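These notes concern the structure reproduced below.
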Amino acid sequence: MVVVGGGIVGCAVAYFLSERGRNVTVVEPVAIAAAASGKAGGFLARSWGDGGPTQELHRRGWDLHAELAERLSLASYRRIPVYSVEREGLGGGGPAPAWVSGPETSSRPLDLEGGAQVSPLELTTRLFEASGARLVKGAVRGLEFADDGDDRTFPRCVGVHVRAGSGAEKTLIEASEVVVCAGPWSTLLADWLSDAGVSGTRNLPITGIKSTHVTFKPPTDLPGGPALDPAALFCSTDKHGCTLEVYPRPDGSVYLCGIGGSDYVDDICRLREGGDCGSADLVTQDPTRVAAAVASFARLAPGASDSVAGEPDSVGACMRPCPPDAKPILGRVAGVEGLSVATGTNCWGILASPTRGRRRCQPSSSSSCRLSLFFIALVHRIDTPPNRHTALLSPSGGLLSGKSWPSS
Ligand SMILES: Cc1cc2nc3c(=O)[nH]c(=O)nc-3n(C[C@H](O)[C@H](O)[C@H](O)COP(=O)(O)OP(=O)(O)OC[C@H]3O[C@@H](n4cnc5c(N)ncnc54)[C@H](O)[C@@H]3O)c2cc1C
């Protein structure tokens with residue numbers, strides 16, 4: 001089988017396929033976990049999907065993470081308390097954690113039982129390594145279909161055309177089945193089908209929501225130890241336009257996202273070869289948002305920001321693959337044999353992908369894991385799901401913001 005894309009979805013699919021004894025090749029143009037799956041926050045919440053269509057996905061995903069952390073010996077997985085932080089206005093210090101000491105800041109416990117974290121880079125890399133899959137470095141640029149004459153009702157996908165770099169010749173990798181797990185780039189499937197002469201339009205309704213993140217250095221006096229008490233912080237919007245999510249990590253680094261300035265990449269031309277987001281290594285950060293994040297964190301946690309140093313250790317940007325209603329997409333492509341897609345995990349891809357990878361690899365008699373792309377437009381209504389996301393629709397149809405916590 002060929003898996004297109006070495007993000008967490010692709011690597012989870014490869015891992016669970018290999019458990020079933022399948023021979024898997026992963027095709028990836030940049031590196032394993034080069035995109036959002038190596039750059040995300042890695043926050044996991046057990047019950048933040050409760051009452052919505054993704055409740056089971058969240059809950060099973062949360063349980064599966066604990067299991068995988070043990071099986072894969074992950075150093076970065078741990079349970080953490082979660083706090084909500086009100087910026088600028090309420091005054092006074094909150095109950096915890098102690099390092100949130102900025103003026104006009106108050107915090108309250110949000111979820112003390114059902115929070116955890118993992119390094120997305122470590123998890124995705126370990127899933128790939130443990131799968132034993134073959135890695136082919138290159139980008140899929142087309143699909144191969146069998147010449148079955150009139151014997152079949154539907155065209156049968158039997159491989160992918162891969163190009164290792166611009167100008168290089170395409171090579172064919174044959175496959176009994178192809179699974180497209182290319183995050184926001186999965187929308188290129190429409191091009192590949194149309195280039196192969198497969199009739200009918202099968203556009204994936206996904207916006208790549210591009211945002212910047214920063215990571216501060218671990219303090220030098222605490223090698224390998226936690227610099228800050230373990231916690232995840234979800235902050236209200238501040239005067240820098242940041243709605244910070246703060247994740248101190250077990251290696252002592254501090255990861256910040258939610259720093260504003262998201263770019264809605266929903267024009268497929270931007271994702272094609274030659275486009276400004278044509279591959280993961282072209283997705284670059286916004287320096288104005290880096291400066292805003294540094295200022296925002298310094299105000300939130302003055303003591304901690306001194307200890308982690310003023311300048312970030314690393315900055316980057318990546319895109320989360322978001323359907324209009326933020327519901328994941330998993331299933332076989334209608335009217336085509338041997339072709340499936342798994343994407344659309346939005347801001348919960350690290351949490352949900354292992355579960356989705358496992359479901360994708362269950363026997364094909366499991367009809368529950370089949371979702372025909374033909375029906376995607378019907379299943380994925382553009383509406384505001386209760387409880388799960390803030391889901392404010394932008395004029396371009398993308399989601400304006402990501403995680404929101406349960407209202408109770
Ligand atoms: C700032 C940020 C913070 C986040 N924080 C969290 C969090 O705390 N918790 C959580 O659960 N989720 C989080 N997410 C969401 C999560 O990161 C994503 O949902 C998830 O990583 C998507 O995984 P993926 O495998 O579908 O896509 P990706 O990680 O985008 O991987 C797709 C891969 O496909 C490859 N590819 C592209 N084109 C081709 C081609 N033509 N041929 C072959 N391969 C190709 C790419 O190079 C890439 O490696 C966050 C996202 C962002 C942006």
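The values are calculated or read from the model by the stated rules, or taken from the named source; none is laboratory data. Everything numeric in this text was worked out from a predicted model, so none of it was measured. Cβ sites come from the backbone with ideal geometry, for glycine too, and all protein chains shown count toward neighbours.
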**OP:** Give the residue, chosen from THR25, THR54, that is within 14 Å of THR345 (Cβ to Cβ) and in contact with a Lys or Arg (Cβ under 9 Å, 6 or more places away or on another chain).
**Re:** THR54
**OP:** Return the residue satisfying two criteria in turn: it lies in the range 184-236 and is among the charged types (D, E, K, R) and modelled with pLDDT under 90, and of such residues it is farthest from PRO250 (Cα to Cα).
**Re:** ARG202
**OP:** Might you let me know whether the range 43-50 holds any residue that is assigned to a helix (DSSP H, G or I) and more than 14 Å from the ligand (Cβ to nearest atom)?
**Re:** no
Original post:
Picking from ARG289, ARG332, which residue would you name as being in the same structural domain as THR187 (by TED's automatic domain parsing), crowded, with 17+ Cβ neighbours inside 10 Å and over 21 Å from TYR83 (Cβ atoms)?
Top reply: ARG332
Original post:
Restricting the range 1-10 to residues that are within 12 Å of the ligand (Cβ to nearest atom) and outside any helix (DSSP H, G or I), which is farthest from the chain's Cα centre (by Cα)?
Top reply: VAL2
**OP:** Give the residues of the range 158-191 that are within 13 Å of the ligand (Cβ to nearest atom), among the polar types (S, T, N, Q) and closer than 18 Å to ALA334 by Cα, sorted by residue number.
**Re:** SER186, THR187
Subject >> Hits in the range 253-286 - residues which are part of a helix (DSSP H, G or I) and surrounded by fewer than 17 Cβ atoms within 10 Å (Cβ to Cβ) >> reply: CYS269, ASP281, LEU282
Subject >> Tally of residues being charged (D, E, K, R), assigned to a loop (DSSP other than H, G, I, E, B) and within 25 Å of ARG163 (Cβ to Cβ) across the range 118-151 >> reply: 1
Original post:
Hey, among ALA190, ALA196, which residue is over 28 Å from the mean Cα position of the chain (by Cα) and of a type in the set (A, V, I, L, M)?
Top reply: ALA196
**OP:** Output the number of residues of the range 11-30 satisfying the condition of being closer than 24 Å to SER279 by Cα and not in a helix (DSSP H, G or I).
**Re:** 7
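Each row is one residue, and each column tells you yes or no for (1) buried (at least 23 other Cβ atoms within 10 Å of the Cβ); (2) out of contact with any helix residue (DSSP H, G or I) (no Cβ under 7 Å at 6 or more places or on another chain); (3) assigned by TED's automatic domain parsing to the domain that holds THR124; (4) not aromatic (Phe, Trp, Tyr).
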{"position": "GLY6", "(1), (2), (3), (4)": "yes, no, yes, yes"}
{"position": "VAL13", "(1), (2), (3), (4)": "yes, no, yes, yes"}
{"position": "SER18", "(1), (2), (3), (4)": "no, no, yes, yes"}
{"position": "GLY21", "(1), (2), (3), (4)": "no, yes, yes, yes"}
{"position": "VAL30", "(1), (2), (3), (4)": "no, no, yes, yes"}
{"position": "ALA34", "(1), (2), (3), (4)": "no, no, yes, yes"}
{"position": "GLY38", "(1), (2), (3), (4)": "yes, no, yes, yes"}
{"position": "PHE43", "(1), (2), (3), (4)": "yes, yes, yes, no"}
{"position": "GLY49", "(1), (2), (3), (4)": "yes, no, yes, yes"}
Original post:
List, please: which pairs have Cβ atoms under 8 Å, are six or more places apart or on different chains, and start with a residue in the range 5-16 that is within 16 Å of VAL160 (Cα to Cα) and end with one that is aromatic (Phe, Trp, Tyr)?
Top reply: GLY5/TRP185; GLY6/PHE128
**OP:** Would you mention how many residues in the range 263-282 are touching a helix residue (DSSP H, G or I) at 6+ places or on another chain (Cβ under 9 Å), closer than 13 Å to CYS318 by Cα and within 12 Å of the ligand (Cβ to nearest atom)?
**Re:** 6
Original post:
With respect to ALA66, is the statement that it is assigned to a loop (DSSP other than H, G, I, E, B), modelled with pLDDT of 95 or more and of a type in the set (A, V, I, L, M) true?
Top reply: no
Original post:
For the range 336-350, does any single residue satisfy the condition of being within 16 Å of the ligand (Cβ to nearest atom), part of a loop (DSSP other than H, G, I, E, B), touching a strand residue (DSSP E or B) at 6+ places or on another chain (Cβ under 9 Å) and in contact (Cβ under 8 Å) with a residue 12 or more places away in the chain?
Top reply: yes
